[in-house]
Amino acid sequence: MKRTLVFIVFLGIAGGVLAQQGGFFQNYPGGTSRSVYKITQEKSVYPILLTMEIQPITSDTFTVKTTNEVTGTRTDLERGVLEGLARAQLEVNSESLLALRKFLPDIQPNTVYVLPNGARFEAGERDKVAGVDVIRGVLTDPKKPNQRTVLALTLNKAVPFPPLLQIDERRGLLFVTVFTLELTEFSMRP
């Protein structure tokens with residue numbers, strides 16, 4: 001019973017922890033928002049749905065409701081959910097992505113950026129993910145030579161995480177997607 005309770009408490013705070021790590025709430029523009037992300041992993045058949053709903057109480061006080069939903073076998077639930085949420089936190093707060101976030105307002109489509117830690121971001125075209133304006137691109141890090149991160153970045157301060165964060169690993173001549181955090185729904189009202 002104690003193990004189950006710890007698991008449920010962890011799941012309940014995971015979404016809030018992910019957003020807090022990036023300074024999200026200090027920059028939140030106000031209003032009521034709902035974001036739904038789908039987390040998929042190579043090792044799990046079942047995706048995790050991470051929902052974050054934010055409702056203002058005052059200009060400086062918010063009610064935040066996070067939920068995690070996943071279907072799976074006992075083994076999947078024991079290992080997959082915790083691994084997926086932990087990986088999401090690690091990737092969202094990676095050194096390269098944090099460095100890239102500092103330059104986010106200046107990023108232009110179809111431009112290559114070299115970050116202070118040696119990582120490269122090749123910005124692609126403007127697009128939309130779940131109705132949110134983004135610039136798509138690929139982030140590579142010399143510390144991870146067999147990996148690339150496909151990103152969709154947004155200036156929308158009500159979106160808690162990148163609208164798309166996809167980790168691909170090189171396997172021979174091909175890249176294989178091993179992890180994805182993708183915004184599937186977003187709504188905002190004043």
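The values are calculated or read from the model by the stated rules, or taken from the named source; none is laboratory data. This is a predicted model, so every value here is computed, not measured. Cβ atoms come from the backbone with ideal geometry, glycine included; neighbour counts cover every protein chain shown.
Screening residue 133 with (1) surrounded by 19 or more Cβ atoms within 10 Å (Cβ to Cβ); (2) closer than 30 Å to residue 55 by Cβ; (3) charged (D, E, K, R); (4) over 14 Å from the mean Cα position of the chain (by Cα) gives one miss only, at (1). Of all residues in segment 65-101, those that are touching a Phe, Trp or Tyr at 6+ places or on another chain (Cβ under 8 Å), surrounded by fewer than 18 Cβ atoms within 10 Å (Cβ to Cβ) and either outside any helix (DSSP H, G or I) or free of Cβ contacts under 8 Å to residues at least 12 places away in the same chain (or both) total 2. Looking only at segment 44-67, residues that are of a type outside the set (Ser, Thr, Tyr), touching a Gly at 6+ places or on another chain (Cβ under 7 Å) and under 24 Å from residue 168 (Cα atoms) come to 2 in all. State which residue pairs qualify: first residue modelled with pLDDT under 90 and inside segment 34-63, second residue crowded, with 20+ Cβ neighbours inside 10 Å and not polar (S, T, N, Q) in any location, beta carbons under 6 Å apart, and separation of 6 or more residues or different chains. The qualifying pairs are 44/80. Starting from residues that are within 12 Å of residue 130 (Cα to Cα) and part of a loop (DSSP other than H, G, I, E, B), keep the ones in segment 153-174 and report whichever is nearest to the chain's Cα centre (by Cα). It comes out as 162.
Here residue 114 clears all of (1) surrounded by 15 or more Cβ atoms within 10 Å (Cβ to Cβ); (2) more than 17 Å from the chain's Cα centre (by Cα); (3) not polar (S, T, N, Q) except the condition numbered (1).
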